[in-house]
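See structure below.
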């Protein structure tokens, strides 16, 4: 039973790591391949220091990995299934939104 608690704790830590919109954007951008901090900062429209902080969190949790080439550091997803997991969450969210819309429409027409 203790093993189950440890596994749930690790799952919760991963979910907490992913519970930031900028980190989700970074994950989505890395699905297409390696990117530098500059690349990601431009897409996210935020300061490089903010992207660096998020990348450090993602790297410490094993979500992304990095490699140095010259003066540049390139980041990539550690496991491409992370992008698929984000897609699944999005599909669930869209389904919930559709159900809530249907409920709201029914309540409005009572």
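Laboratory data are not the source of any read-out in this text; all were calculated from the coordinates shown. Note that the coordinates shown come from a computational prediction; the quantities given were computed from them, not determined experimentally. Every residue, glycine among them, receives a Cβ derived from its backbone with ideal geometry; neighbour counts consider all protein chains shown.
Some notes on this structure:
- The residues in region 1-23 that are surrounded by fewer than 15 Cβ atoms within 10 Å (Cβ to Cβ) and either touching a strand residue (DSSP E or B) at 6+ places or on another chain (Cβ under 8 Å) or closer than 17 Å to residue 76 by Cβ (or both) can be counted, and the count is 0.
- Enumeration of residues in region 1-46 that are more than 13 Å from residue 82 (Cβ to Cβ), touching a residue at least 40 places away in the same chain (Cβ under 8 Å) and part of a helix (DSSP H, G or I): 13
- Selection of region 25-68 for residues being surrounded by 15 or more Cβ atoms within 10 Å (Cβ to Cβ) and at positive phi yields an empty set.
- Residues of region 77-92 satisfying the condition of being within 14 Å of residue 24 (Cα to Cα) and either part of a helix (DSSP H, G or I) or touching a helix residue (DSSP H, G or I) at 6+ places or on another chain (Cβ under 6 Å) (or both): 77, 81, 82, 83, 84, 85, 86, 87, 88, 89, 90
- Here residue 58 meets the list (1) over 18 Å from residue 41 (Cβ atoms); (2) assigned to a helix (DSSP H, G or I) almost entirely, failing just condition (1).
- Looking across region 75-84, just one residue is under 23 Å from residue 53 (Cβ atoms) and loosely packed, with under 14 Cβ neighbours inside 10 Å, and that is 79.
- Just one of the numbered conditions (1) more than 17 Å from residue 76 (Cβ to Cβ); (2) over 10 Å from the mean Cα position of the chain (by Cα) is not true of residue 51: (1).
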